[in-house]
Each structure stands twice: as structure tokens, then as C-alpha cells.
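Notes to accompany the following structure.
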């Protein structure tokens, strides 16, 4: 893997900065609260749901979206866990640099926020491109990460065409819950087409297959059987490459299980955390 990337104490551009503790405001639209933390060279937003003092789970969003589509999953998990859905730089309510960060840059931003908020080692539940960010974090961090739930892991080797990937996203959209569509469109408009396009290109250039064997944390690859983005053959390969990984399929569902099948994903997450299969 080469020399490990040091995450602690630097922003997404490698510059050191002063941190401040998180500040929290009251919740809205189903969340208990919204947290803002000086980290990664910006003001990172995260939405929170669940009992204070309960074990925390951190959600990592996919391409162009934000904390918003994790609300159903958070509601399913919140009775037993405190769910924290972060907006990475340039997405949701977190300002980002003019040019979109690549996968390692987003991974470093996530790592710095985890350290700044004292959440290092918390389980990570990621979707789509967020899985690539979580994998990069797990293999480049200077200390062990928490367990990984990789829901709709992308991108498979040999399928790196931008137009083909866009077509897959459009096809799998028919398998998602109808209420997810306006959430995704709103988030896409908020981050803007330029950042969306640049991030997609970065994701397609990310050699995730080479990173998976270096993930030491327990991990589960999850896919809906109607997911056209994370196909069965690719999800199977990814689970085999993970030293402590396995695959779980959810019949009849698509790409964003955190929204379309939140209770099922919550059960899979809890099985991983308790050592069950």
C-alpha cells in the first residue's frame, strides 16, 4: 500500500489549522439536532438523531447528496444508536473549495472531522461513492477505523466510462422510493453540476479494487438485487477482496437502501456491530 497517509491535524489541502469543538443547534425535519464543527478547513455540518450517550454510528453520503437521505435509516437505528450523518466539504450544508475534492481529499476531510468531534473508531455506514471514501479512510489512516457497512459500493474495474455510469444511475433510479427523487435533485442543485461532474470523474479514477485487501476492519458489502450501479459480480468480488468482509443482498431493492429499505439496512448494521451474520 505504500506509506500510510497521516490524517490527523491537516485539512483537505494538507495545511494545518486551529480546531474548535462542535456547536449544536436544535433539530428540524425529523432530526434531533444539527452540529457544526471547524474541521477540514471548513465548517462541517452533521445531522444527529438518537439518544445522548447511545453508541454512535456515522453515515457517509454518496455522489452529490447529503445527510438528508439518511433520515429513514437514522430513524430505524435511533432507538438503540445515536446516528450522525455528516455533510462532506462541498455537499449539503458544508462549504467546500471551488474545485471538488478527489476521493483521498474527501477521505482526509472525513478523518479530520472524526478526530475533531471525538468520533474516530465509530462504525461507518456509507452509500455509493461514500463507500469509496470509507475504504480509502480505512486503508490510509494511521490508526484502526471502526466497522464498515458498504451499501452500493462503487466502482468496479473495467467499468469506468462516465456515460455508462450515468446510464446505470438513471436505470437504478426506477428501483428507488419515489420520495427519494426530489431529495436527490435538491441536493444535486445545491452542490452544482460542476462539483457533481468533477466528483464523478474522481470517483471513476479511484482504484478501489486495489484498496479493499488493505481494509482490516470488519466490513459488510450490501446491495439491492435491482441495483444497476453495484452489480452482483462486482459486489461478490468486493466482499472476497475484503479480509474480514461478506456480502448481503436485499431482494427487490435498488441502490440507496438507507432510504428505500432503512429497517433492513439497520438490521444488517446491527448484525455487523454485534458480530452476527
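The values are calculated or read from the model by the stated rules, or taken from the named source; none is laboratory data. These numbers were taken from a predicted model, which means no experiment stands behind them. Methodologically, a virtual Cβ is constructed for each residue, glycine included, from the backbone with ideal geometry; neighbour enumeration extends over all protein chains shown.
Going by what's in this entry, would residue 183 be described as part of a helix (DSSP H, G or I), within 28 Å of residue 105 (Cβ to Cβ), at pLDDT 90 or above and touching a helix residue (DSSP H, G or I) at 6+ places or on another chain (Cβ under 9 Å)? Taking the combined requirement at face value, the residue satisfies it.
The set of residues from region 186-202 being free of Cβ contacts under 8 Å to residues at least 60 places away in the same chain and either assigned to a loop (DSSP other than H, G, I, E, B) or in contact with a helix residue (DSSP H, G or I) (Cβ under 6 Å, 6 or more places away or on another chain) (or both) comprises just one member, 192.
Each residue in region 246-277 was checked for being surrounded by fewer than 19 Cβ atoms within 10 Å (Cβ to Cβ) and farther than 19 Å from residue 83 by Cα, and 8 pass. Residue 63 meets all of the listed conditions (1) at pLDDT 95 or above; (2) crowded, with 22+ Cβ neighbours inside 10 Å but one, namely (1).
Please verify whether region 105-117 includes one or more residues that are assigned to a loop (DSSP other than H, G, I, E, B), surrounded by fewer than 24 Cβ atoms within 10 Å (Cβ to Cβ) and at pLDDT 95 or above. Talk me through it step by step, then tell me what you get.
At the first step, the residues of region 105-117 found to be assigned to a loop (DSSP other than H, G, I, E, B) are 117.
Restricting the remaining residues to those that are surrounded by fewer than 24 Cβ atoms within 10 Å (Cβ to Cβ) gives 117.
In the following step, the residues that additionally are at pLDDT 95 or above were identified as 117.
Among the residues of region 105-117, at least one is assigned to a loop (DSSP other than H, G, I, E, B), surrounded by fewer than 24 Cβ atoms within 10 Å (Cβ to Cβ) and at pLDDT 95 or above, which makes the answer yes.
Within region 118-147, the set of residues being on the phi < 0 side of the Ramachandran plot and assigned to a loop (DSSP other than H, G, I, E, B) comprises 119, 120, 122, 123, 141, 142, 143, 144, 145, 146, 147. Kindly indicate whether residue 32 is surrounded by 14 or more Cβ atoms within 10 Å (Cβ to Cβ) and at pLDDT 60 or above. For residue 32, the condition - surrounded by 14 or more Cβ atoms within 10 Å (Cβ to Cβ) and at pLDDT 60 or above - is met.
The criterion of at least 2 residues that are more than 24 Å from residue 272 (Cβ to Cβ) is met, among strands (runs of 3 or more DSSP E) falling completely within region 35-101, by 42-49.
Looking at region 231-245, which of the residues that are touching a helix residue (DSSP H, G or I) at 6+ places or on another chain (Cβ under 8 Å) and part of a loop (DSSP other than H, G, I, E, B) is surrounded by the fewest Cβ atoms within 10 Å (Cβ to Cβ)?
Step one: filter region 231-245 for residues touching a helix residue (DSSP H, G or I) at 6+ places or on another chain (Cβ under 8 Å), giving 237-238, 241-243, 245.
Next, from what is left, pick out any that are part of a loop (DSSP other than H, G, I, E, B): 242-243.
Values: 242: 25, 243: 13.
Taking the candidates together, the pick is 243.
Can you pull out every residue in region 216-255 that is out of contact with any strand residue (DSSP E or B) (no Cβ under 7 Å at 6 or more places or on another chain), in contact (Cβ under 8 Å) with a residue 24 or more places away in the chain and under 20 Å from residue 146 (Cα atoms)? If the condition is that a residue be out of contact with any strand residue (DSSP E or B) (no Cβ under 7 Å at 6 or more places or on another chain), in contact (Cβ under 8 Å) with a residue 24 or more places away in the chain and under 20 Å from residue 146 (Cα atoms), then 216, 218, 241, 243 are the ones that fit. In the set (1) in a loop (DSSP other than H, G, I, E, B); (2) touching a strand residue (DSSP E or B) at 6+ places or on another chain (Cβ under 7 Å); (3) at pLDDT below 95, the condition left unmet by residue 178 is number (2).
Exactly one residue out of 111, 138, 116 is out of contact with any strand residue (DSSP E or B) (no Cβ under 9 Å at 6 or more places or on another chain) and closer than 25 Å to residue 216 by Cβ: that is 111.
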